[in-house]
Amino acid sequence: MQWEFSILYALQEIHNPVLDAIMLFITSLGDDGWFWIAIGVICLCFKKHRKMGLQLLLSMLCTFILGNLILKNIFARPRPCDIYPAVDILLSSRPHGHSFPSGHSINSMVAAVALFLNNKKIGIPAVIIATLIGFSRLYLFVHFPTDVLGGFAIAILVAIGVDWAFRQFAIWRAKKA
């Protein structure tokens with residue numbers, strides 16, 4: 001865990017008002033998954049993108065259950081800001097709940113990968129945004145690097161699994177027709 005604090009403390013050294021504002025904005029995109037849910041709902045409104053929106057929302061539901069409801073309670077890892085509360089986290093209020101996996105990271109990356117698997121043109125910028133959201137959680141001292149990386153890994157596996165399930169369903173449906 002010491003190497004993780006080394007990274008987090010190094011990030012504390014680069015704080016400045018402009019970067020602080022940028023990171024607060026970026027992290028807000030992951031708050032409660034609103035940004036990604038909105039994209040999923042918008043996709044559902046257009047027949048061409050309906051499957052993509054459904055995959056995104058289903059993938060997010062899976063990672064919410066797996067990450068937030070199951071894994072966070074199994075690991076019960078404290079957040080860095082709870083271990084060292086003297087570090088200024090910049091957020092208006094301390095985040096609640098356990099640290100592993102990062103909810104912002106897992107939900108952002110699963111949505112981004114779901115988009116990528118369906119449309120690379122949309123997916124590449126989404127993966128960049130998801131990565132920045134994960135980084136913002138480190139910058140703000142509310143997650144460890146392994147919380148973010150673990151969330152990313154789980155998200156990628158879930159998004160690929162949901163995509164695979166959709167493909168299998170399409171094959172089954174085509175055979176039945």
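Every number here is computed from the coordinates shown, using simple stated rules; none is lab data. Bear in mind that the values here come from a model prediction, so they are computed numbers and not experimental data. Heads up, the Cβs are rebuilt from the backbone with ideal geometry, glycines too, and the neighbour counts pull from every protein chain shown.
Report yes if Pro95 is under 17 Å from Leu61 (Cβ atoms) and in a loop (DSSP other than H, G, I, E, B), otherwise no. Here the answer is no, as Pro95 does not meet what is asked. The listed residues are Ala165, Ala177, and the only one of them that is under 22 Å from Gly40 (Cα atoms) and either in contact (Cβ under 8 Å) with a residue 12 or more places away in the chain or not hydroxyl-bearing (Ser, Thr, Tyr) (or both) turns out to be Ala165.
How many of the residues in the range 1-49 are of a type in the set (Val, Ile, Thr), in a helix (DSSP H, G or I) and more than 22 Å from Phe64 (Cβ to Cβ)?
Of the residues in that region, 3 qualify.
Within the option set Leu91, Leu115, Leu149, Leu132, being surrounded by 24 or more Cβ atoms within 10 Å (Cβ to Cβ) and under 25 Å from Phe25 (Cβ atoms) holds for one residue only, Leu115.
Among what's in the range 24-83 and is out of contact with any Lys or Arg (no Cβ under 9 Å at 6 or more places or on another chain) and of a type in the set (S, T, N, Q), pick the residue that is surrounded by the fewest Cβ atoms within 10 Å (Cβ to Cβ). Looking at residues that are out of contact with any Lys or Arg (no Cβ under 9 Å at 6 or more places or on another chain) and of a type in the set (S, T, N, Q), I get Asn73. In the range 135-157, the residues that are in contact (Cβ under 8 Å) with a residue 24 or more places away in the chain reach residues that are in a loop (DSSP other than H, G, I, E, B) and polar (S, T, N, Q) with C-beta atoms within less than 6 angstrom, at least six apart or across chains, in these pairs: Arg137/Ser102; His143/Ser99; His143/Ser102; Asp147/Ser99; Asp147/Ser102; Val148/Ser102; Gly151/Ser102.
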